[in-house]
Each structure stands twice: as structure tokens, then as C-alpha cells.
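What follows is a single structure, written as C-alpha cells, with notes after it.
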Amino acid sequence: MDAIALLREDHKLLRKLSKELAESTERAVETRKKLLKRLEAELTAHTTIEEELFYPAILDATDDVEDRRMVAEGIEEHRAADAKVIPDLHKTDPPTIEYTGHLKMLKDYLFHHPKEEEMFPKVRELIGRKELQELGEKMLARKKELMGEIA
Ligand SMILES: [Fe+2]
Ligand SMILES: [Fe+2]
């Protein structure tokens, strides 16, 4: 699987989990806890492989200021999720409407941010097919390692 296919698959799963969470009711406390734990593990591993491997590969491949700006914005959005969107959920009780509001923010983030990253046709121009394949393999191996540490 190449790097882009891997990221797309991760994005799809993250969107699905965030949608299920956002649609859950205040009564579904156990479901909320279980889904959030799963989503957090996936999101942490995903963001880490992007910052350790995918973004640096883009920066290596281009000096174009627009490309570099997109990477900088991506990293900034990761920080916003780490500093606010996820901590807000931990500070709030699952059976409350405040928690429901935070889940809506999480879903909005996961429907917005990956879309920005999926400037993939451009990445395919920057990074060759063989390199994308090798990058994907590295990312998958690192992701498995991270998921093992998180779980
Ligand atoms: Fe990301
Ligand atoms: Fe992503």
C-alpha cells in the first residue's frame, strides 16, 4: 500500500468513528468511552506517522512555498486537536450536552483537516510511485509499532 492509500484509509476510519461518536446520545456513556478510546489511539498513531514520515517527505520533495505552507498548517491543526479538541473531551462528562458539543467539534475537525491533507494528486507529482510505496511501508510499520505501544 502506498503512503497516500494508507492515509486515505486512516482518514476514512477516523471520519467513521467521529461520526458514530457525534451521533451517540448522552445516555450511551459506555459506547462514547469505548469509541473515543479507539479513535484516540488511531488518531495519535496517524498524526505521528504524518509528522514523523509523511510531512518530512513532502518537505524534502518541494521548495514551493504553497506546499510548505500546507504542511505548516497541517501541523498547526494537529496541535489544535492535541491542545483543545481532545483535552476538552477529557475534561467533560460523557452524559452531558457539553460533551456532545465537544464531539461535534471533533467530527468537524476530522471532516475538515484530512480533506486539506488530501491534496494528494499534488503529492503524486512530487514523490515518485516507488518512493511513495516505500514511504507507505515505513509508515505502516511505524503505525503498527505505535498502536502496540498505545493499546
Ligand atoms: Fe493530519
Ligand atoms: Fe491525516
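The values are calculated or read from the model by the stated rules, or taken from the named source; none is laboratory data. Only a predicted model underlies this, so the values are computations on that prediction, with no experimental measurement involved. Note that we place each Cβ from the backbone using ideal geometry, even for glycine, and neighbour counts take in every protein chain shown.
Look at (1) assigned to a helix (DSSP H, G or I); (2) exposed (fewer than 15 other Cβ atoms within 10 Å of the Cβ); (3) polar (S, T, N, Q) and you find that residue 44 fails only one, number (2).
In a residue-by-residue description of the stretch 23-38, the property of being out of contact with any His (no Cβ under 9 Å at 6 or more places or on another chain), closer than 17 Å to residue 113 by Cβ and assigned to a helix (DSSP H, G or I) applies to no position.
Taking the criterion of being assigned to a helix (DSSP H, G or I) and either in contact with a Phe, Trp or Tyr (Cβ under 6 Å, 6 or more places away or on another chain) or more than 15 Å from ligand 2 (Cβ to nearest atom) (or both), the residues of the stretch 47-64 that qualify are 59, 60, 61. Taking first residues from the stretch 55-71 that are under 16 Å from residue 124 (Cβ atoms) and partners that are not in a helix (DSSP H, G or I), the Cβ contacts under 8 Å between residues at least 6 apart in sequence or on separate chains come to 57/127; 58/127; 61/127; 70/119.
Here the condition is being within 16 Å of ligand 2 (Cβ to nearest atom), assigned to a helix (DSSP H, G or I) and of a type outside the set (Phe, Trp, Tyr); of 88, 82, it holds for 82 alone. Could you list, in sequence order, the residues of the stretch 83-117 that are within 18 Å of residue 17 (Cα to Cα) and within 14 Å of ligand 1 (Cβ to nearest atom)? Matches in the stretch 83-117: 85, 86, 106, 109, 110, 111, 112, 113, 114, 115.
Run down 98, 77, 66 and say which single residue is at pLDDT below 95 and either in contact with a strand residue (DSSP E or B) (Cβ under 7 Å, 6 or more places away or on another chain) or on the phi < 0 side of the Ramachandran plot (or both). Exactly one of 98, 77, 66 is at pLDDT below 95 and either in contact with a strand residue (DSSP E or B) (Cβ under 7 Å, 6 or more places away or on another chain) or on the phi < 0 side of the Ramachandran plot (or both), namely 66.
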